[in-house]
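Please read the structure below before turning to the comments.
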Amino acid sequence: MRFYLFTIVFFFSLMVSAQSSIPQVLKKMNNQSVPYIKVEDLKNKNNLVFLDAREPKEFNVSHIKSAIAVGFDHFKIQNVTSTVKDKNATIVVYCSIGVRSEKIGEKLLKSGYKNVYNLYGGIFEYKNTGGKVVNNQNKQTDSVHAFNKEWSVYLTKGVKVYEN
């Protein structure tokens, strides 16, 4: 039994590490039900509402300034509707690379939000391309929660944090 478990974990790790880039992972894991917005396109948009679809321990390490933590495992649409009342607001949802944020984006669209985008490459790509992030004291930091060792290969800039 232990051997089978080890074998499954080993092959899963190989599959994840064999995916050499964020685009390959997103193509495999997402269905593009929420339109992507690239980091460089954020500059051309005004009055963006950033929703962070990562867990609190990830958000506390760092997040995009003024982002609202909505989480993933215990996401509640009521937390968003009570904070973001304008269904026409331009919302950018992000997570580590863009997988969890697509799921949250789908829920927002089903709830009637009209302008929802999934940040392509998530906070990893944001940081990799020079984006500034802040910690839970709203101070700029180089630290980014790397989710786990397998996903951390996609974060190429900053300090990788695994737990907090």
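Observations on the model:
- Of the residues making up the stretch 145-157, those that are farther than 12 Å from residue 21 by Cα and without any contact (Cβ under 8 Å) to a residue 60 or more places away in the chain are 146, 148, 149, 157.
- Test set (1) within 18 Å of residue 40 (Cβ to Cβ); (2) open to solvent by 30 Å² or more (accessible area, probe 1.4 Å) - residue 128 fails condition number: (2)
- When residues of the stretch 23-61 are limited to those that are among the polar types (S, T, N, Q) and in a helix (DSSP H, G or I), the one surrounded by the most Cβ atoms within 10 Å (Cβ to Cβ): 60
- Contacts under 6 angstrom Cβ, first residue in the stretch 40-58 being within 22 Å of residue 159 (Cα to Cα), partner charged (D, E, K, R), 6 or more apart: 53/100
- Here the stretch 66-87 is the region considered, the condition is being surrounded by 10 or more Cβ atoms within 10 Å (Cβ to Cβ) and of a type in the set (Ser, Thr, Tyr), and the residue that is nearest to residue 115 (Cα to Cα) is 81.
The values are calculated or read from the model by the stated rules, or taken from the named source; none is laboratory data. What you are looking at is a predicted structure, and each value in this text was computed from that prediction instead of being measured. Glycine gets a Cβ as well: all are built from the backbone with ideal geometry, and neighbour counts include every protein chain shown. The area values use the complete protein model at the heavy-atom level, side chains included, leaving out ligands, DNA and RNA. Shrake-Rupley method; radii C 1.70, N 1.55, O 1.52, S 1.80 Å.
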